[in-house]
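Okay, so here's the structure we're looking at.
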Amino acid sequence: MKKQVRIIPLILLALVSSACSPGKEQPHPPADKRAQFQEEFTGEALFNERCRQCHAAKEQGGALGPDLSQAGSTRDARFLGQVIREPSKFYPGSVMPPYDTLSQKQVDSLVDYLGSLK
């Protein structure tokens, strides 16, 4: 019985060693594509990902927040960017979360999209 107990760890060690050998390329776990892709989102895609649950635009979306279908006609880019970053500063009591984790590129892209809605 003692020989079997010693053989099993050796077999396991051999299996692990062969799986990690430098000659064999191991598959890498998939990267978090969502995190990488978000930086590249167009403004419309970013709006669909982050805003459409609460805001409507082009007759689609949620009703919790105001309809933004005419945002470009009523607000300038500077205001839109500031509201995205700090909504409660402009609308006290707003349930909209601050999107302070978005990069400047993402905010600019989102503002460009909202500015095109007229």
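Coordinate-derived values only; no laboratory data. As the structure is a computational prediction, the values presented were derived from the model and not from experiment. Ideal geometry is used to build each Cβ from the backbone, glycine not excepted, and the neighbour counts take in all protein chains shown.
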Quick one: which residues, 5+ away or cross-chain, put their amide H under 5 Å from the amide H of D67? H built at 1.01 Å from N.
-> A56
Measuring from label point to label point, each 7 Å out along Cα→Cβ, what is the S94 to A77 span in nm?
-> 1.9
Between the modelled labels at L64 and Q104 (7 Å from Cα along Cα→Cβ) the distance in nm is 3.0
Report the label-to-label distance for C54 and T42 in nanometres (one decimal), using points 7 Å from each Cα along the Cα→Cβ vector.
-> 2.5
Cα pair distances of the stretch 36-118 binned at 5 Å [whole percent] | 3, 16, 27, 31, 19, 4, 0
Convert each backbone phi in the stretch 96-101 into a coupling constant with the Karplus relation 6.51 cos²θ - 1.76 cosθ + 1.60 (shift: θ = phi - 60°), then list the ³J(HN,Hα) values in order as whole Hz, x for Gly and Pro.
-> 5, x, x, 9, 7, 8
Determine the sum of side-chain charges near G65: Lys and Arg each +1, Asp and Glu each -1, restricted to other residues whose C-beta is under 12 angstrom from that of G65.
-> +1
